[in-house]
Each structure stands twice: as C-alpha cells, then as structure tokens.
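Trainee: Dropping the structure in here first, questions after.
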C-alpha cells in the first residue's frame, strides 16, 4: 500500500466515522425541532464553506458555477434533495428511528445502481441484479412483518441517491457545490429563523450556552467530513470506497441499538441480513470487474 492510498483510507475512515456518530450529536439537540436544527445547519455550513473557499483563493470556481444557468438549476435540485435528506435524518434520530435511518444508508448504493441503469443507461451484470433483488426482498420482508413501509429508510435512500445523480450531471468541486447548495436554500432558512427569534420561540440564545454552541457547530459537523471525503476519494480506488462507505450506517446502527436502546428484533435481523448480503454481493462484483478491467474508470 503506497502513502497516498494510506492517506486516502485515513481520510475516508475519519469522514465515514464522523458521519456514523452524528446521531449522538443530533441527540444533544433533541429538545429543538428538526426544522430549526436544519436551518441552523444550512446557515452555519454556508458561512464556513464560503470562508474556506475565499481563504483558499477559489473565487473563480464560484464565479464559473454562478455564470452557468444549467449548473445553477441542477444545484438548486441538489439543494432541495440534500435538505430533505438532512431533515429526515435529524428527525429520525430525535424520534428514536436511528436503526431505520441506518437501513436507508445501507440500501442507498443499490438505489444508485438502479438510477444509473434506468437514467444513465449504465449496464448491470447478473450479480448486481441479484444484489438489488435481495435488497428489495429485505425491505419487503420488513414491510410485510410490521405492516408499514419503512418510510424514513426509503426517503433517506432515495433522496441521497437522487442527490448523487444530480451531482453527477453537474460535476463541481465538493466545496463549491456545498456552497451553492446551502446558499440557494439559505434565504428560506434565514427567514424561518428570524421569524422564530422575532416571536421569541427560537432556540438560539434561549437555550443553554452549550446547546447554542452545538447549533453553531452544526456547520463544522457538516463541512469537516465532506472535506475529508473529498481528499480521501481522490486517493483510493472506487472498489475500496465501496466497502468503506458502509462504515457509517454500521456505526449508526450500533449506536441505535446499544446507546439509544432501539429495538432490533428477529425481523430486523432477517431484513438487514438480506440487505447485507446484497451489499457484499454487489461490492464483490465491483471488485471483480475492476480486476478484469483495471484501466477502465
């Protein structure tokens, strides 16, 4: 393993590790409505990202994206999708649905595969078809046993999969993309928070100083793992990334079960086992494909 690969693995372990423990962070803000936390996350993330871009001299990247109308429309779609994803995850954590949220991020890569096949006309081999079938069997089993569709998992999976698809259609640098995504939705978040503060029902400044600090640091919690991810993804093969990305939902699942004491029944075990099998089969098929086609991205 060369030095660059080792650095890449380190960055990605840090990124997915931090994403995995975020339920613990959102739990610290459990007394604040999810939409208010989301608004703070958008505003503080925007401020931090813009500071990083200006300090690192990347104004031209911002200007280039701003001058392209097609890119702006795509980034607006990305902004709405990531806002839905963030809100759903925060809401899930504070309503004791971390286990179901982790399920969403397990099936997300397989939803992305389907989107790639149906929208981008990417080809799938037999093991990948079987993997997708196993994942949907796991969801169907969970739905049948409990009599309700796991909406939180599906919203998280589909919103992030479509977010990835949209980002692929307008590839911009990670930090530039996040700057625009937060900027485009920030006016709504700002008006919402100003209205809350004017009515005296806003959390900022009216909760403990520690909780106020946590609200401010939502920007760091959002931006830091994204920076690490961008640095890591550039340094390692895609097939290796396919395995590391499941660190995050695994940590979240363990937190949901052992820290928050959410139920993990036999039904959950069977459903998750089907999805874990799907992930393993898909990941192995990608590794085999990379070995057979080493020079194809």
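Trainee: With the condition kept exactly as written, say whether any residue in segment 213-225 is closer than 18 Å to residue 38 by Cβ and without any contact (Cβ under 8 Å) to a residue 40 or more places away in the chain.
Mentor: yes
Trainee: Out of (1) surrounded by 15 or more Cβ atoms within 10 Å (Cβ to Cβ); (2) under 16 Å from residue 184 (Cβ atoms), the odd one out for residue 32 is which?
Mentor: With respect to (1) surrounded by 15 or more Cβ atoms within 10 Å (Cβ to Cβ); (2) under 16 Å from residue 184 (Cβ atoms), residue 32 is out only on (2).
Trainee: All but one of (1) in contact with a helix residue (DSSP H, G or I) (Cβ under 7 Å, 6 or more places away or on another chain); (2) modelled with pLDDT of 90 or more; (3) within 24 Å of residue 21 (Cβ to Cβ) hold for residue 261; state the number of the condition that does not hold.
Mentor: Exception for residue 261: condition (1).
Trainee: Related question: Within segment 69-113, can you find the residues that are over 30 Å from residue 267 (Cβ atoms) and free of Cβ contacts under 8 Å to residues at least 60 places away in the same chain?
Mentor: Those that are over 30 Å from residue 267 (Cβ atoms) and free of Cβ contacts under 8 Å to residues at least 60 places away in the same chain: 69, 73.
Trainee: Shifting gears a bit: Inspect segment 176-184 for any residue being exposed (fewer than 12 other Cβ atoms within 10 Å of the Cβ) and either at negative phi or free of Cβ contacts under 8 Å to residues at least 12 places away in the same chain (or both) and give the result as yes or no. Lay out the reasoning, then the answer.
Mentor: We begin by selecting, within segment 176-184, every residue exposed (fewer than 12 other Cβ atoms within 10 Å of the Cβ); these are none.
Within segment 176-184, not a single residue is exposed (fewer than 12 other Cβ atoms within 10 Å of the Cβ) and either at negative phi or free of Cβ contacts under 8 Å to residues at least 12 places away in the same chain (or both).
Trainee: Kindly indicate which of 24, 55, 38 is surrounded by fewer than 17 Cβ atoms within 10 Å (Cβ to Cβ) and modelled with pLDDT of 95 or more. Reasoning before the result, please.
Mentor: Values: 55 fails: modelled with pLDDT of 95 or more; 38 fails: surrounded by fewer than 17 Cβ atoms within 10 Å (Cβ to Cβ).
Exactly one of 24, 55, 38 is surrounded by fewer than 17 Cβ atoms within 10 Å (Cβ to Cβ) and modelled with pLDDT of 95 or more, namely 24.
Trainee: On to the next question. Kindly indicate whether residue 102 is assigned to a helix (DSSP H, G or I) and within 19 Å of residue 142 (Cβ to Cβ).
Mentor: Details: assigned to a helix (DSSP H, G or I): yes; within 19 Å of residue 142 (Cβ to Cβ): yes.
Taking the combined requirement at face value, the residue satisfies it.
Trainee: Now, a different point. Quick one: would you say residue 99 is crowded, with 18+ Cβ neighbours inside 10 Å and more than 16 Å from residue 249 (Cα to Cα)? So that I can check it myself, show each step before the final result.
Mentor: On the way: crowded, with 18+ Cβ neighbours inside 10 Å: yes; more than 16 Å from residue 249 (Cα to Cα): no.
So residue 99 does not fit the description; no.
Trainee: Being closer than 25 Å to residue 76 by Cβ, under 17 Å from the mean Cα position of the chain (by Cα) and not in a helix (DSSP H, G or I), is that true of even one residue in segment 173-180?
Mentor: yes
Trainee: Please work out which residue is farthest from residue 265 (Cα to Cα), limiting yourself to segment 126-151 and to residues that are outside any helix (DSSP H, G or I) and touching a helix residue (DSSP H, G or I) at 6+ places or on another chain (Cβ under 6 Å). Outline the logic, then answer.
Mentor: The first filter runs over segment 126-151 and keeps only residues outside any helix (DSSP H, G or I), leaving 147-150.
After this cut, where a residue has to be touching a helix residue (DSSP H, G or I) at 6+ places or on another chain (Cβ under 6 Å) as well, the list is 149-150.
Numbers: 149: 16, 150: 15 Å.
The extreme case among them is 149.
The values are calculated or read from the model by the stated rules, or taken from the named source; none is laboratory data. As the structure is a computational prediction, the values presented were derived from the model and not from experiment. Neighbour counts are summed over all protein chains in view; Cβ atoms, including those assigned to glycine, are modelled from backbone coordinates with ideal geometry.
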